[in-house]
Amino acid sequence: QVQLVESGGESAQTGGSLRLSCVASGTFFSINAMAWYRQAPGNQRELVAQIMSGGTTNYADSVKGRFTISRENAKNTVYLQMNSLKPEDTAVYYCYADVKSSRYTPGSWYWGQGTRVTVSS
């Protein structure tokens, strides 16, 4: 019913920038919160940034001041602008969204397939 399609993951150099996109498609009523997670080999998947439907944002301490999450509701899209990249940002980044199928049902969380970001030192 709902699919999250990500793009923008690629290789970059230390200090460079990348912009990740995630588009939600399918049949649904609305999207509540959206978030980006990441997972490096041997580590737990961790929250990078989240944004509520009203625009309130929250960031992991490790990316504050460098990453910016935003959304375009008309396009059902969430972005992650990543600046001043560091090698420790290397990970698979996952889109995560709370989607309501209808006005009268609670939202359900969906994962994207993940997009790989590699930052060379």
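Hey, what's the chain come to in accessible area per residue, 1.4 Å probe, Å²?
53
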Using the scaling law 2.2 N^0.38 Å as the reference, what is the normalised Cα Rg of region 50-91?
-> 1.26
Principal axes first, then extents: for the Cα atoms of region 1-47, list largest minus smallest coordinate on each axis, whole Å, largest first.
-> 40, 23, 16
Which of the peptides 22-32, 90-100 is most tightly packed, and how do the rest follow, judged by the mean count of other Cβ atoms within 10 Å per residue?
-> 90-100, 22-32
GNM on the chain, Cα springs under 10 Å; top mean-square fluctuation among N43, N76, N58 goes to N43
Under 12 Å, Cβ to Cβ, from G8 - net charge with Lys/Arg +1 and Asp/Glu -1 = 0
Expressed as a percent, the accessible surface of the chain that is carbon or sulfur, using a 1.4 Å probe and the full set of protein chains, is 46
At a 1.4 Å probe radius, which order do S7, S121 fall into by accessible area, largest first?
-> S121, S7
Between S30 and residues 5 or more places away or on another chain, which pairs have amide H atoms under 5 Å apart, with H built 1.01 Å from N, and which residues are they?
-> K100
Which whole-number value in Å³ per residue fits the convex hull of the alpha carbons of the chain?
-> 97
In Hz, Karplus ³J(HN,Hα) per residue of region 76-85 (6.51, -1.76, 1.60; θ = phi - 60°; x = Gly, Pro) = 6, 10, 10, 10, 10, 8, 10, 10, 6, 4
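The values are calculated or read from the model by the stated rules, or taken from the named source; none is laboratory data. Just so you know, these numbers come straight off a predicted model, no measurement behind them. Quick reminder, even Gly has a Cβ in these numbers, built from the backbone with ideal geometry, and neighbours come from all protein chains shown. Accessible surface areas use protein heavy atoms only, side chains included; no ligands, DNA or RNA. Shrake-Rupley method; radii C 1.70, N 1.55, O 1.52, S 1.80 Å.
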